[in-house]
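All remarks here apply to the structure that follows.
The values are calculated or read from the model by the stated rules, or taken from the named source; none is laboratory data. Keep in mind that what you see is a predicted model, and the values were worked out from it rather than measured. Please note: Cβ atoms are built from the backbone with ideal geometry, for glycine as well, and neighbour counts cover all protein chains shown.
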Ligand code: URA
């Protein structure tokens, strides 16, 4: 087999066989196929696409390129959850303890923040002492003992994706639907859960800005999951404006604690109940979505979900006292209000600009090796549909620099740009657009 012939075949619109795809993934991971040939292939895939069968074969070859995790020693059906990433998306912090409290064991591998989107590991590490670098054995032991664990991806999980993603990043081939679907699903399949719930974000702050593209990505991932024998459901959710009100690591942990006390923002709670109900259903812990929701709501009200979060923190060496006293989380030196210049109603609150404002303050990283500041970020006071008077606080910047310094000024400018305020009333946008399961697409009105 010659790599040249396979690039030519894909460039001409041909369909690669499973054997050819295995050869390419093995050769690239093992270093016998150079970056320039893989880059040419990625570009050919970008323009020609892949059939469902090719995408599944690519995903399975990537999933098997390194370690795979067996969760066999954890009793019960294991359900994983993945979000395609957004701004203020602290869903995992709420959802994992919530479903664990309902008896669904969760061994979750999470990522770090990059660009304008946040990462669960950075948020959890803002809790003093919290350790996310667990070995696979430590993670399984933690789930056996307390029912949940959240850890960073081990070094040798899906090495093919690490290499290919870095290559795509510098060759303008990230936004290829089959390559995104294979990248995400290879990691989920290697992580060993029996079923997968995907939160596919759509809108300004998301990877996929258009609803139709988000449904198409969801559909591709659900087909891969089913083809790999893992029941998969994808919920399409709004990322036009940030989720909740907190954007920044410690600020988001504090908001997650409030949500677990049943006092969080309505959109965050609604999303957690929706995704959680699917997780319970796929785990066989609720006969239907409505029963699942009701069960989860009771666990929020009783405090059981909050106690699970405390158990997670303590099990991973963090200070569980933050649950009762969030002031123990890192605090910024100053808080700077950003005020409305004119009155009206908020029509848009662009998620990406808010994510970039938090990034400017130091809450995220431009490059993988950058350090982050856990205390800083943006607290949003007004969201889409809210009325504002001139001089009202739109948001508060949590800073560790002087208000006149360039990061604070840049963040202030980005927050001002994020808001579109008009005199006429605005309708609150939908949070959930629909879902995709084995039977296809379902649009919600
Ligand atoms: N997230 C991933 O893990 N992979 C992609 O290709 C895109 C988003």
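Would you please list the contacts, defined by Cβ atoms under 8 Å and residues six or more apart or on different chains, that run from a residue in the range 157-184 that is without any contact (Cβ under 8 Å) to a residue 24 or more places away in the chain to a residue that is near the ligand (Cβ under 8 Å from one of its atoms) and assigned to a loop (DSSP other than H, G, I, E, B)?
Correct list of pairs: 165/174.
Scan the range 313-327 and report the pairs whose first residue is on the phi < 0 side of the Ramachandran plot and whose second residue is at pLDDT below 95 and surrounded by 22 or more Cβ atoms within 10 Å (Cβ to Cβ), with Cβ atoms within less than 6 Å and a gap of 6+ or a chain change.
none
Residues in the range 52-73: is at least one without any contact (Cβ under 8 Å) to a residue 12 or more places away in the chain, more than 15 Å from the ligand (Cβ to nearest atom), more than 23 Å from residue 145 (Cα to Cα) and not in a loop (DSSP other than H, G, I, E, B)?
For the range 52-73, residues without any contact (Cβ under 8 Å) to a residue 12 or more places away in the chain, more than 15 Å from the ligand (Cβ to nearest atom), more than 23 Å from residue 145 (Cα to Cα) and not in a loop (DSSP other than H, G, I, E, B): absent.
Find the strands (runs of 3 or more DSSP E) located wholly in the range 138-241 whose residues include 1 or more that are closer than 28 Å to residue 385 by Cβ and more than 12 Å from the ligand (Cβ to nearest atom), and list them. Full working, then the answer.
Details: elements: 148-152, 195-202, 231-238.
Of the strands (runs of 3 or more DSSP E) lying wholly inside the range 138-241, those with at least 1 residues that are closer than 28 Å to residue 385 by Cβ and more than 12 Å from the ligand (Cβ to nearest atom) span 195-202, 231-238.
From 84, 120, which residue is within 16 Å of the ligand (Cβ to nearest atom), within 24 Å of residue 299 (Cβ to Cβ) and in contact (Cβ under 8 Å) with a residue 24 or more places away in the chain?
Values: 84 fails: within 24 Å of residue 299 (Cβ to Cβ).
Only one candidate passes the filter, namely 120.
Can you spot a residue in the range 23-35 that is more than 18 Å from residue 186 (Cα to Cα) and surrounded by 18 or more Cβ atoms within 10 Å (Cβ to Cβ)?
Initial filter on the range 23-35 (more than 18 Å from residue 186 (Cα to Cα)): 31-35.
Then drop every residue that is not surrounded by 18 or more Cβ atoms within 10 Å (Cβ to Cβ), which leaves 33.
For the range 23-35, residues more than 18 Å from residue 186 (Cα to Cα) and surrounded by 18 or more Cβ atoms within 10 Å (Cβ to Cβ): present.
Applying the selection to the range 390-421, what residues are over 26 Å from residue 268 (Cβ atoms), touching a strand residue (DSSP E or B) at 6+ places or on another chain (Cβ under 9 Å) and surrounded by fewer than 15 Cβ atoms within 10 Å (Cβ to Cβ)?
Taking the range 390-421 as the starting set, the residues that turn out to be over 26 Å from residue 268 (Cβ atoms) are 390-391, 401-410, 413.
Then drop every residue that is not touching a strand residue (DSSP E or B) at 6+ places or on another chain (Cβ under 9 Å), which leaves 390-391, 401-403, 405, 407-408.
Of everything in the range 390-421, those that are over 26 Å from residue 268 (Cβ atoms), touching a strand residue (DSSP E or B) at 6+ places or on another chain (Cβ under 9 Å) and surrounded by fewer than 15 Cβ atoms within 10 Å (Cβ to Cβ) turn out to be 390, 391, 402, 403, 405.
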